[in-house]
Amino acid sequence: MVPIKGIYLALLVLVASSSFHSNQVKGDKYEEDDDDYYDSRERVLETSYHGLIKENETFVEITPLIKVDETKICGFHIIKKNKEIPFQIELVNELGILKAKKSLNCEKRKNYKFDITAVFCDGSHSKSASVHISVIDINEYSPTFLQPSYVTEVDEGRLYQEIIRVEATDKDCTPLFGDVCKYEILTSDQPFTIDNEGSIRNTEPLSHKASHNHILSVVAYDCAMKQSAPVMVNIRVRRVCEAHVMGVAERIDYIANSMESVSLFPKIHLELCDMQCKGEDMVIQSSVSLKTKHISFGCDRDASQCLKKLSDDEQIESGMVDLLQKNTEWTKDLTYDEGTESIFHFDGSSGAIIPKNVLKSQDFAAHQFSIMTMFRHHSIATNDKHTKEHIICSADDHKMNRHHMALFVRNCRLILLLRKNFNDGDLNIFSPAEWRWKVPQVCDNEWHHYTINVDLPKIDLYIDGIKFESNVEDRHSNPEVIDDWPLHAAHGINTTLAIGACYQGSENRLKHGFSGDISEIKLSLRKILTPKQIRCGTDCAEKLLPPPDHFLEPEQQIQSNTQMNKIIIEGSNKSNIEQLLQQIQYINSKDNPTIGRRNIQVMTTVSCPNKKAIRLPTIDTYIMVTSSNISSPPATASSTLFNKILVDKPLTVDQKPQIAITGNSNHLVSYPDIKDGVKILAQINISIYTGKEIRPALQKLDSCNVIVFPSLNPDHEEITIDDKDGTDESLFKFDIKTKISKDGVEMIGYDTIENYQHILKSLVYINKKPAYYLNRVFKLTCSQVDDHFRSAEYTLTLTVLHPKQQPTSAATSSNVVMAVPSVIPTSAADGQVHSSAAVAADSHETNQYAHAMLHSHDIQESQSKVHNLAHDKAQLASSHSTMLIVVICASFVLLICGVGIARLRNNGSGSGASQSQNVDKHQPCPKVAPEQQLDWDDSALTITINPMQNDNLSDESSESENSDSEDEEVINGRYKNVSQLEWDNSTI
């Protein structure tokens, strides 16, 4: 009994313990399931969501989607904090759908932020998630101007940088729709322009006479090009009285050999705009200048005519010997002009020996004499300051080379050498032998008249008829006098007189020749010339004649210079000043005046006593000296032609002329060509035709205008006239007045088509900095009969060919690679890389960039990767720590794979670059800043280039490179100074 009972108790204990253990295990399982259940409830929603909604819509595009399990979740709840949230959320097909309760306004509020929770079916709530919603703007508003209209006033005749500024705003909330990006003037044919800031300026000076005001219609655009309603801008033009000189003809005709004077300004008038001085008289000063530098010797001179005016006592005696004459035995080998003027040309090696029958050997130091000469010395830059250039020289005729008397130029000094003979004094006593005048006229390449009177020990120099006086301020004596011994006796040796050089007796040849032009060389033996005789030969035959004295009032004064080519009139009475100016005349007393143009310049200033003077605009006109047997059209030829053609005998439709201008429309130039100068209109041709035979009077033009756009920069741009095909004086023979400014060239004058074409084809455009520009536009129009008939506008585009620097193949193949996200599978990524590289290579083959600089140094950004590990949670870990270790290991493996793929891709492109580089290893190295010249390993680096930005890259690279190296020499599209920098980048 006892054993059975014991066994029963043992079994009972075993069952109880088994039941207890079973219940404990089950309890632990239930407890673990509860933990999982609560964890899943907390992870229903993401941490945050982002949404976008347009102003005119209510549906919210949410990222990522709010996705839940409807078996557990029965709804959502928006947690409202302080402000009202105009959104609601619904559960539809396991998705949380966000909607706005009403249309939102981006202009009032752009962003919303609130929290949501998921509601479980048992009524409990999950953890909250934040929601950020941005309101997308739509272009619902147009720009509006701040003022209903704009009114301003400007002065006529001026160009303004800004006349008025209009401003518009837009109520839209984003920059694309809310910013004003452009303004436009709708009114056409108005001389105004507006920039993107709303600043209005005029493109040409306004005229009150042409229009009292200008009304413009202006609109504004936002950055999406939505247009505003137009606003009216009224620009009123104020009449401005500009003080200036009026009534001066554009041309004054003078008939040669008329020996009569002609009035220059018979109708001149001063418009002073009621200028007054308080309590004092106004001072008016006018100067009239005659410009004749381009005429023969600076003006018409006629020594033969002046000698007739001298009295018998003043006549130069027969001792005056002319050593330089045309058609003589000793000058037949010299080069001279075929005109009426005696101008001989000497090149430094030519000269002439004066025969003994013309002038016997002379002892110049024994008697007084005068040398009269006119020459133009060609100053040549040389390091040898001891070179002598002789005008006249008397030296030994054989055996020795002693110079007895000489006049020569050396080191920009005029030097007279005069050595005494042995019988004129003690051989051991020094005496003056050389006089050296340092005068600027010797080397200014202009014509000057020189006379030297020798009356030992006194020697005087006259330049252009004026006696030379040494300046007290000179540190050194001028002239510098050098002493020397007298010449020793030499039996059986006479002297030889030469002009243009000096005879070397020991060498039997001419030496020390003159370089320049000489018009006359005359000697007055045994008598010196008087100042009156000297001035007679140097005075200009053409001059200005001042008003007679009886027109002067007590407070008026007239001044004129000795050359009579400038007259100054000063006074306080405006009417009397005008009367005096009307009496100024021009006369040319030369028998055969130089035919051509003489410029006249009128300058007037007005001032109050002790105040700064106001200078009126300078007036330029000209005198045209014409031959007596050729009738020249009068100054009003165009007006007379207008009356005859359009009034007296009107033209029919078939008789009306058509002016046609033809030529090339484009001109391509290189850097060296445009720096040296390009003839811009060398290919043009102007013709006039009608339906019937055209009248001869209509075969001439009145004017031609060349307009440059944009205007020239005077710092490094200019337009000049190059008349190398003709003579320098040929342009002055034309009846055309040419004015060159930064805006172009204006030509006025009644002349033939051939003469107009000659000037137009001689126009040269020079640009010292062509790297700053791509092209220049020149527009040409011509007219006739007082602008009644005008040609169509001829346009020529001058394009600058910028040097091109070809990018290396390595840069093309290795640098231009499209970035591929690492989440793409390897095969797909490789295919995309190859296709992108091919597209990039093709684009670079067709687009060449001037000075494009592509760096291969770039940074490959690390890309974030999202891994879904929820499915593998049961197999990978049973605790949070194990899961963390697995995630770190997996991330490290993926990172190693990504780096390997990137290196394989770069090695592929690098090999392609290496192959392409083998074609040409001598490409010029692009310029690299000092801080970029560091050695680093960029084998794993790539660069992404937007193909839409190719044009911008080319423009910016070209402009910056050109501006930095505009003066570098370009050879075959490469820079000379960088083409020597070669490197091997095949391993990059």
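Note down the accessible area of TRP485, probe 1.4 Å, to the nearest 10 Å².
120 Å²
What does the extension gain come out to for LYS356 and LEU65, with contour length at 0.36 nm per residue minus their alpha carbon separation?
Values: separation 291, 0.36 × 291 = 104.76 nm, distance 12.29 nm.
Full extension from LYS356 to LEU65 adds 92.5 nm.
What does the charge add up to near GLY505, with Lys and Arg as +1, Asp and Glu as -1, over the other residues with Cβ less than 10 Å from its Cβ? Kindly include the intermediate steps, with their values, before the conclusion.
Values: positive: LYS399, ARG402, ARG509; negative: ASP396, ASP397, GLU507.
Around GLY505, the charge tally is 0.
Pull out the extension gain between ALA613 and LYS80, defined as 0.36 nm times the separation in residues minus the alpha carbon to alpha carbon distance; nm, one decimal.
Details: separation 533, 0.36 × 533 = 191.88 nm, distance 8.12 nm.
Gain on stretching ALA613 to LYS80: 183.8 nm.
If you rank GLU389, GLU153 by how much accessible surface each has, with a 1.4 Å probe, what is the order from largest down? Before the final figure, lay out the partial values.
On the way: GLU389 30, GLU153 85 Å².
The ordering from most to least exposed comes out as GLU153, GLU389.
Compare the peptides 552-561, 292-301, 247-256 by average per-residue count of other Cβ atoms within 10 angstrom and give them in order, highest first. Each step should come with its number before you reach the end.
Working: 552-561: 13.6, 292-301: 19.6, 247-256: 17.7.
Output ranking for 552-561, 292-301, 247-256: 292-301, 247-256, 552-561.
Once you place label points 7 Å from the Cα toward the Cβ at GLU167 and ASP444, how far apart are they in nm?
5.9 nm
Given H placed on each backbone N at 1.01 Å, which residues far from ILE558 in sequence or on other chains put an amide H within less than 5 Å of it?
Distant-sequence amide H within range of ILE558: zero hits.
So between ASP676 and PHE120, what do we pick up on full extension, going 0.36 nm a residue minus the alpha carbon distance?
Values: separation 556, 0.36 × 556 = 200.16 nm, distance 8.82 nm.
Extra length available between ASP676 and PHE120 comes to 191.3 nm.
Going by average Cβ density within 10 Å per residue, which order do the peptides 563-571, 494-502 take, highest to lowest?
Numbers: 563-571: 19.4, 494-502: 23.8.
Highest-to-lowest ranking by the protection proxy: 494-502, 563-571.
Zone of GLU469 (label point 7 Å along Cα→Cβ, backbone N under 16 Å): which residues in the range 504-540?
Residues 531 fall inside that zone.
So for the pair ASN111, ASN327, with labels modelled 7 Å out along Cα→Cβ, what separation do we get in nm?
With each label point 7 Å from Cα toward Cβ, the separation is 10.4 nm.
Listed highest first by mean packing, meaning other Cβ atoms within 10 Å per residue, what order do 397-409, 117-129 come in? It would help to have the intermediate numbers written out before the result.
Values: 397-409: 18.1, 117-129: 15.3.
Highest-to-lowest ranking by the protection proxy: 397-409, 117-129.
What distance in nm separates the simple spin-label points at GLU57 and LEU895, each placed 7 Å from Cα in the Cβ direction?
Label-label distance for GLU57 and LEU895, simple model: 4.0 nm.
At R0 = 60 Å, how high is the FRET efficiency between LYS779 and SER48 if r is their beta carbon distance? Nearest 0.05 is fine.
According to the calculation, E is roughly 0.40.
The values are calculated or read from the model by the stated rules, or taken from the named source; none is laboratory data. Because the structure is a prediction, the values reported are computed rather than measured. So basically every Cβ, Gly included, is an ideal-geometry build from the backbone, and we count neighbours across all protein chains shown. Remember, those area values only see protein heavy atoms, side chains included, never the ligands or the DNA or RNA. Shrake-Rupley method; radii C 1.70, N 1.55, O 1.52, S 1.80 Å.
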